[in-house]
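The values are calculated or read from the model by the stated rules, or taken from the named source; none is laboratory data. As the structure is a computational prediction, the values presented were derived from the model and not from experiment. Quick reminder, even Gly has a Cβ in these numbers, built from the backbone with ideal geometry, and neighbours come from all protein chains shown. Just so you know, the surface numbers come from the protein's heavy atoms only, side chains and all, with ligands and any DNA or RNA stripped out. Shrake-Rupley method; radii C 1.70, N 1.55, O 1.52, S 1.80 Å.
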Amino acid sequence: MKALRIAGLALALVVPAAPCVAAESVNLILNWTPTADHSPFYYAKSQGWYEKAGIDLTIEVGKGSGVSSLKVGSGGSPFGIADLATALVAKSKGADVVALMSIYANTGQTFYWLKSYGVNGPKDFPNHKIGNPPGDASRVMWPAFAKAAGIAPDSVSFVNVGPTAKIAALKSHTVDIISDFYNEHDLKVIEFGADLGYVNWKDIGLNPYGNSLIVNGAYLAKNPKLVEEFVKISQKAYAACVADVAPCLKALLDQASGLDKENQQRQWERIKFLMTDEFTTTKALGWIDAERMKKDYELVQTYLGMEKPFDVNTAFSVKMLDQAIKMDASKVKR
């Protein structure tokens, strides 16, 4: 009997262990360069949450919601971040995209100007120059803003300005107006003080869903379990960062150079406001409401037109969300 045990032990030592299952390489393309609103992805990655779920995540710097929508829609990246209205435009052009989680339940789209340049509101935009990158969601959706504001869409000229050069372009009067996300608001207040003017798109009656997590539709159909894991981990990460942003910003700053910690902290306070609505606080953090999506679809159809109309219900899904995780409104400063 002892000899059998020894033989069995020897056999166990020479038999190779079962190979580890390789993690699935997954790419997430951001809408722009990394900032506080992307920090939950960096945090979850630093904690090994994606890795434990068999996901080897690469985070790719983006060049606008139009670009990320098209890359995800063509299958060039399984996941992406994009302004949801911009993703709807891309879907009407054949992009295979599905929104799985809202990050900005309220639009972050905002125009900024200096009153000393003779601009006091949208009615003064005609004959002025607006600075933003070509793939910026506000440029894609400009016709909607112009019509809502009662001005001609072709009454302004656009100047290509990179995302990190907007304040400098406004300060040097290279442009008269810039578009930017509301989460960057405080930086402009500090820079320009009382001379700063601004309008959030919500103020003129346009409040489409903003930045959202999107997935390639074919990839979703082929990898439903992985997609669900990715969504729930990301949702969990956003909730963790709402509770305490410090470790999330550390993870971001460890990976993204050139960011100011205090500015990112100020941004996060604005981001929490943008994340909060009646659905994210009662249904689930990241919830996308069907009735609001219908209105967003109608907005895009009315102002921009749909190359190929589609059923808006095919453009989003909330099935992957964990409804036990909700946005904590008590963490939002009013």
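Odds and ends about this structure:
- The largest-to-smallest principal axis extents of the Cα set in the range 49-106 are 36, 27, 19 Å.
- For the range 314-334 and the range 218-244, distance of Cα centres in Å: 12
- Shape category assigned to the range 293-334 from the gyration tensor of Cα positions, a/c cut at 1.5: oblate
- Antiparallel DSSP beta bridges within the range 30-184, as percent of all bridges there, nearest 5: 45
- Extents of the chain, largest first, come to 96, 44, 36 Å (Cα atoms, principal axes, whole angstrom).
- When you count the other C-beta atoms within 10 angstrom of each residue and take the mean per peptide, 141-147, 171-177 line up highest first as 141-147, 171-177.
- Computed per residue of the chain from DSSP H runs no shorter than four, each worth -39500 (n - 2.57), the mean residue ellipticity at 222 nm is -11500 deg cm²/dmol.
- Directionally averaged projected area (convex hull, Cα atoms, the range 150-263), nm²: 11.0
- Legend: distances between Cα atoms for K45/K283; K123/K166; K236/K272; pairs beyond 18 Å are K45/K283; K123/K166.
- Percentage of interatomic Cα-Cα distances in the range 232-273 larger than 11 Å: 66
- Counted over the chain, the DSSP beta bridges are approximately 55% antiparallel.
- Alpha carbon Rg of the range 25-68, scaled by the compact-globule rule 2.2 N^0.38 Å: 1.17
- The value for the range 70-218 of Rg(Cα) / (2.2 N^0.38 Å) is 1.07.
- Solvent-accessible area per residue, Å², over the chain with all protein chains present [probe radius 1.4 Å]: 44
- In this entry, the range 75-139 is assigned a mean projected area of 6.1 nm², taken as a quarter of its C-alpha convex hull surface.
- When only alpha carbons are used to place a centre, the range 143-170 and the range 265-279 end up 24 Å from one another.
- Values of log10 I(q)/I(0), in the order q = 0.13, 0.15, 0.22, 0.26 Å⁻¹, for the range 250-334 under a Debye, Cα-only, solvent-free model: -0.65, -0.80, -1.01, -1.15
- Just the protein heavy atoms count here, and of the accessible area of the chain at 1.4 Å, carbon and sulfur take up 54 percent.
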